[in-house]
Each structure stands twice: as structure tokens, then as C-alpha cells.
Amino acid sequence: MTRLTISDLAAAYSNGLVLRSVSLEVGAGEVVALVGPNGAGKSTLIKVLSGVLAARSGRAELDGANLLHLPPAQRARRVAVVPQMLHLPEGFTVGEIVLMGRTPHLPLWGGESRHDCEVAWAAMRRTQIEPLADRPVGELSGGEQQRVVLARALAQEPRALLLDEPTAHLDLKHQVTVLELVRALAREQQLAVLVTLHDLNQAALYADRVALMARGTIVAQGPAAEVFTAERLSQVYDVNIAVSTHPSHGTPVVLADGAR
């Protein structure tokens, strides 16, 4: 059974340590949301797991393999990343962009096979962008582009999916659409999903567990109802926070209640 296990992970930029002893597990079919204030280390953790930033120490294992030591192509066969900023090259169609997700599986001097095309089309069907296959990506809305990036990630056939603020710059409808799709994909394909979110209420509603980060480490993790206490959130975010209960879903509802 797929499991992403992060153990005592540390990382640094040139100006100092930014991740300190981060430990976290994400199981198959599970969505874990990384939350916390700006500068807490959420995006940095995604960068380390995806190989963009080297770890100073610690391990990150997926199905027994240490992701931190894998060559990029081998890592990309196991882990797909949806970055915070979308950089889709103009001049390509949706179908061409999604097919790029097969790159880690291609032979050095070979092109896409029939199987690769079938996998890409299946990813487009699942993300409901098949009708857009021949459209240039530059003509798409933000919500459509986000689904294209998700489809490209699925085309990699990963066991883990890392998403950095996938709802940034989207309106409410597209935020809901993307988060519902991510949660459904985790269940259907038994993906271990780690997603960074700024919206605590979305994290409570769509994630199975949350990991609250502050000053480069995880200060609390578990079900949102246990982690999201008014006292803890007020301390971490340095603002007075009130927590109530959603009348329909029973999840925590977080509201900033004035400066401390």
C-alpha cells in the first residue's frame, strides 16, 4: 500500500534553515493539507519533495524508495507536482500539454506510443477537459488551465500527488471544482495527496487530515477538528481567531476576529 513518509526533514536557503525536523505521513487515498502563515515552510516542503530544493537532512520515502536520492525521471514516475504558478507554454494544445506528462516514461530516443496516448486521453476524460483537447492552452480560463495541469499530472501515473496552492487565483466555483476533483482522484486512484492551502475552511472541508506549520516545522497534525483550536490558531497566525462548527458538514469554521 502506497505511503509517503517524511522523517526529520530539514532544508535551507542561502539565508538560513527553512525546514526543521518535519515529519509527516500520507497514506494511499488520503488528502493531507499543509496549512500555516506565509513563510511557514509549506511551499518549501513541496519543493524538497519534488526535487527543486535539496534537503539538508532527513528522508522522504514512497513505497520504500527515498525520493531525495532518486534521479529526476525516476522521481517523476512516482510523484507528480501541480505548482502554485502555472507556466503553460503557449502555442501548444491541451492534448499536447497533457501528453507531456508521459515524458518520464518515454525511452531516450523514442516518441509516444499508443499506450501513452491512451493514458493521456484517460487523464483528460477524468478531468473533463477532453472536449478542449485541440484548443490552444492560451485561450483557456484559469480554472480550465488548472484542470489541464491536473490531467498532465495524472498522465504521469504517479503514486503521490503534490499540489502547491491549487486554488490560488481561482474564483469560488473553480476552487470547489478543483478541490472536489483532487479529493475524488485520491480515492479512485489511491493516490497519496499532499496539498498546501491558505484557506483553513477549505482545508477542513476537503482534507482528511491537516498539518499546521509554523516557523519551518509542523506544530500540530491530525483531523481539522482537533488541530484547529482558537488558541492554537491565534498563536500561530498572530491574530485573534474564533472557531465554530459548520452546520451541515460538522467541520471547523475559522474566522479571524481582529488583531491581537
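Bear in mind that the values in this text are calculations on the coordinates, not laboratory data. In this text the structure is predicted, and so the values were computed from the model without any measurement. Because the Cβ atoms are built from the backbone with ideal geometry, glycine has one as well, and the counts that use them run over all protein chains shown.
Students often get this wrong, so try it: which of (i) 1.14; (ii) 0.95; (iii) 0.98 is Rg/Rh (Cα atoms, Kirkwood Rh) as calculated from the structure shown?
(iii)
Can you grab the distance from the C-alpha centre of the stretch 165-215 to the C-alpha centre of the stretch 42-79, Å, no decimals?
20
Over all alpha-carbon pairs of the stretch 11-148, lay out the pair-distance distribution in 10 Å bins, whole %, shortest bin first.
In order of increasing distance, the bins hold 10, 32, 34, 21, 3 percent.
Sort the following peptides by mean Cβ neighbour count (other Cβ atoms within 10 Å, averaged over residues), highest first: 238-249, 144-155, 20-31, 189-200.
144-155, 189-200, 20-31, 238-249
Sorted by mean Cβ packing within 10 Å, highest first, what order do the peptides 70-80, 211-221 take?
Sorting 70-80, 211-221 by mean packing, highest first, produces 211-221, 70-80.
Given the peptides 83-95, 1-13, arrange them by the average over their residues of other C-beta atoms within 10 Å, most packed first. Don't skip to the end; give the middle numbers.
Working: 83-95: 14.1, 1-13: 17.7.
Ranked by mean Cβ neighbours within 10 Å, highest first: 1-13, 83-95.
Please give the calculated 222 nm ellipticity per residue for the chain, where each DSSP H segment of at least 4 residues contributes -39500 (n - 2.57) and the sum is spread over every residue; nearest 500 deg cm²/dmol?
For the chain, the value works out to -9500 deg cm²/dmol.
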